Amino acid sequence: MKVIDIGELIRSERKKKGMTQADLAYDLCTIATLSRIENGLHLPKADVLSGLLERLDISEYKVLGPRLDDSDFDSKVHFLKEKIERLCSEDSWVELRACLDELIDLDIGYNPIDRQFLVTYETIYNYENGRRDLIRFDELYEAMNLTVSDFSIDAIINFNLTAYEQYLLIFMAYCLIREGKMSSVPTILGNLKTSLDTTISLKGLWTKPVFYYYEVHINYYIGNENYKLALESILNRKDYCTGQRLFSKLLTYAYEEILCYIRLGMQAEAKERLLTNYFHLRGIRRLEEAEAFRMRVKEDFNLAFNIIERRTK
């Protein structure tokens with residue numbers, strides 16, 4: 001890749017993530033140097049380039065391509081894994097499924113990191129595509145032990161977790177909540193908070209596991225009838241969705257948001273959010289979902305409003 005291409009890639013990815021040049025350059029190089037890199041006027045040293053790519057979540061493979069001593073097999077595995085991560089960020093589930101199947105056919109499960117990768121993205125796929133009953137705690141636990149020896153869900157983790165390990169912890173917590181086994185969930189959530197806070201402080205940006213982390217919190221707090229913290233997590237999740245432009249996911253917990261306001265005695269806020277969420281759903285042409293949401297709130301909480309349809313002669 002030419003210098004100008006590397007610079008364009010770095011600038012493009014930085015802007016996609018909403019980072020300033022100061023954010024990206026911090027502790028790696030000067031802002032002036034970064035500006036020269038982005039404009040194709042300077043090729044950074046290896047350690048600086050590696051730091052910039054890591055902070056932007058860009059693999060070296062994407063920039064440099066396969067190394068000369070890589071086999072065709074290794075190159076294909078690299079390519080498919082990178083593509084799967086990208087497709088996951090884009091919610092392109094059909095194509096992701098095809099890439100996962102292709103990767104599975106390569107029989108890479110003997111490698112612990114590759115095996116963990118497969119379990120992680122198979123789990124995400126199942127979670128997002130109505131196959132949540134296929135998510136098994138024991139399989140997630142086993143995958144965690146591939147890279148964390150003597151792992152225990154009740155132990156405090158005092159080291160950095162990879163993104164794959166963060167995902168595995170999140171979905172282990174999901175399984176425990178689903179099965180009503182709540183005792184270990186606070187420890188898991190505490191470990192996740194420490195890990196995600198560390199990741200964010202190091203990279204200066206939000207990461208995809210944060211999205212699922214909020215969902216686990218919402219389910220946990222509602223299961224324990226802690227509606228104040230559940231509402232806080234719902235609002236944090238909405239802020240995250242807005243910041244990451246995941247607008248299609250903004251109202252996943254629209255009903256639970258109303259539930260929290262009602263349980264907290266905030267009737268006026270509940271009605272305001274009912275109206276806002278209902279018309280937001282209609283605005284993005286999810287009409288059946290909007291009506292189902294309105295009727296469910298009316299039946300469960302006796303909270304309603306009349307709709308006057310515009311008539312044309």
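FYI, it's all coordinate maths here, none of it is from the lab. A quick note: this is a predicted structure, and the numbers were derived from the prediction, not measured. Reconstructed Cβ throughout: ideal geometry from the backbone, glycine too, with neighbour counts over all protein chains shown.
Karplus-based coupling profile of segment 30-41, in residue order and whole Hz: 7, 4, 4, 5, 4, 4, 5, 4, 5, 9, x, 9, with θ = phi - 60° in 6.51 cos²θ - 1.76 cosθ + 1.60 and x standing for Gly or Pro.
If one takes the longest principal axis of the Cα atoms in the chain, at what angle in degrees, from 0 to 90 and to the nearest 10, does the Cα axis of helix 254-263 lie? The answer is roughly 50 degrees. Largest first, the three principal axis extents of the alpha carbons in segment 72-137 are 35, 25, 16 Å in whole numbers. Where does helix 46-55 land angle-wise versus the long Cα axis of the chain, in degrees 0 to 90, nearest 10? It is inclined by approximately 10 degrees. By the Cα gyration tensor, the chain has an equivalent ellipsoid whose semi-axes, rounded to whole angstrom, run 38, 26, 20 from largest to smallest.
Extension gain for ILE156 to LEU264 (0.36 nm times residue separation, less C-alpha to C-alpha distance): 35.6 nm. If you wrap the Cα atoms of segment 157-247 in a convex hull and average its projected area over all directions, you get 5.8 nm².
In loop segments of segment 110-164 as defined by DSSP, the trypsin sites (Lys or Arg not before Pro) with at most 13 further C-beta atoms inside 10 Å of their C-beta are ARG131.
A Förster radius of 30 Å, combined with the Cβ-Cβ distance separating PHE305 from ASP239, puts the computed FRET efficiency at roughly 0.70. Each Cα pair under 8 Å and six or more residues apart adds its sequence gap; the mean of these over the residue count of the chain is a relative contact order of 10 percent.
For the chain, the Cβ-based charge dipole about the Cα centre amounts to some 1700 debye (Lys, Arg positive; Asp, Glu negative; other atoms uncharged).
What's the angle, to the nearest 10 degrees (0 to 90), between helix 163-178's Cα axis and the longest principal axis of the chain? That works out to roughly 30 degrees. Over all other residues within a Cβ to Cβ distance under 9 Å of VAL119, the charged ones net out to -2, with Lys and Arg as +1 and Asp and Glu as -1.
Ordering TRP93, GLN116, GLY130 by Cα displacement along the dipole of segment 93-152 toward the positive end leaves GLY130 in first place; charges were set at the Cβ atoms of Lys, Arg (+1) and Asp, Glu (-1). Here the scattering of segment 232-313 is modelled by Debye summation over its C-alpha atoms, one equal scatterer each and no solvent; at q = 0.12, 0.19, 0.27 Å⁻¹ the log10 of I(q)/I(0) is -0.36, -0.85, -1.42.
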